[in-house]
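To start, the structure under review is shown below, and the notes come after it.
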Amino acid sequence: MAQSLRTFSPANVSVVIFGVPISGYTDGTFIEVERSEPNSSHSTGADGTVGLTKSADKTGTFRVTLMQNSLANLILAGVQATQDQSDSDLIRGPITVTDPSGSIFVAIVNAHIQTPPGLSIGKEQEPRVWEFFCETINYVPNPLGVVSSNSVQAKIQEGLDKALSTAQNIADEIG
């Protein structure tokens, strides 16, 4: 009989932004994903007749909260610097969040840094919150084996290779 109760560990949650694996999360909540609009809206007529409208809007916001000394801050700061140097270009790419305990797989299409973190320095590590605007957010339940399948892993690796190449190009241009 298969084990039905999986164990969650935040250490096993994988976040890949623009193909680059991210680490160095703060204690507590470190990933937030939300759509801009509900799935539907309704109207109720004077006689109580209800009309439903399914929303086509799948835009939303993704936030990752990193520790002050996370190397991921440097990568994302490089992306932000590139955006700042351009008059009109935004660096856009995919974001994925996977949880091997089986709770969720999030696939985000065409995200860009919407708001870089503010700066605060204190006696202790200060969190750095990176906020992304997302053109499309898809939530997919992650039943056993879906995310670990070879085809999904190949797509993730393809995105990783592309993003690492882009990050290297950015690093070459900056310094």
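So in segment 104-134, with the set limited to residues that are under 18 Å from the mean Cα position of the chain (by Cα) and part of a loop (DSSP other than H, G, I, E, B), which one is surrounded by the most Cβ atoms within 10 Å (Cβ to Cβ)?
Across segment 104-134, the extreme among qualifying residues is P117.
Can you pull out every residue in segment 11-26 that is more than 19 Å from E131 (Cβ to Cβ) and surrounded by 10 or more Cβ atoms within 10 Å (Cβ to Cβ)?
N12, S14, G19, P21
Within segment 10-30, count every residue that is part of a strand (DSSP E or B) and closer than 10 Å to M67 by Cα.
Selection size over segment 10-30: 1.
Find all pairs meeting these conditions: Cβ atoms under 8 angstrom apart; at least six residues apart or on different chains; first residue within segment 11-26 and over 13 Å from L74 (Cβ atoms); second residue at pLDDT below 95 and basic (K, R).
Qualifying pairs under 8 Å: G19/K162.
Matching residues to (1) under 15 Å from S14 (Cα atoms); (2) of a type outside the set (D, E); (3) surrounded by 15 or more Cβ atoms within 10 Å (Cβ to Cβ); (4) modelled with pLDDT under 95:
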site: R63; (1), (2), (3), (4): yes, yes, yes, no
site: V79; (1), (2), (3), (4): no, yes, yes, yes
site: G102; (1), (2), (3), (4): yes, yes, yes, yes
site: T136; (1), (2), (3), (4): no, yes, yes, yes
site: V146; (1), (2), (3), (4): yes, yes, no, yes
site: N150; (1), (2), (3), (4): no, yes, no, yes
site: S165; (1), (2), (3), (4): no, yes, no, yes
site: A171; (1), (2), (3), (4): no, yes, no, yes
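Starting from residues that are in a strand (DSSP E or B) and of a type in the set (S, T, N, Q), keep the ones in segment 38-65 and report whichever is nearest to T96 (Cα to Cα).
Only one residue fits best here, namely T61.
Please tell me if S41 is over 14 Å from W130 (Cα atoms), hydroxyl-bearing (S, T, Y), surrounded by fewer than 16 Cβ atoms within 10 Å (Cβ to Cβ) and more than 16 Å from the chain's Cα centre (by Cα).
Considered against the rule, which asks whether it is over 14 Å from W130 (Cα atoms), hydroxyl-bearing (S, T, Y), surrounded by fewer than 16 Cβ atoms within 10 Å (Cβ to Cβ) and more than 16 Å from the chain's Cα centre (by Cα), S41 comes out as yes.
Exactly one of (1) touching a Lys or Arg at 6+ places or on another chain (Cβ under 7 Å); (2) among the polar types (S, T, N, Q); (3) in a strand (DSSP E or B); (4) at negative phi is unmet by Q68. Its number?
(3)
Sort through A72, A56, A77 and tell me the only one that's among the hydrophobic types (A, V, I, L, M, F, W, C) and free of Cβ contacts under 8 Å to residues at least 12 places away in the same chain.
Being among the hydrophobic types (A, V, I, L, M, F, W, C) and free of Cβ contacts under 8 Å to residues at least 12 places away in the same chain holds for just one of A72, A56, A77, which is A56.
The values are calculated or read from the model by the stated rules, or taken from the named source; none is laboratory data. All values derive from a computational prediction rather than experimental measurement. Counting neighbours? That spans all protein chains shown, and the Cβs are built from the backbone with ideal geometry, glycine included.
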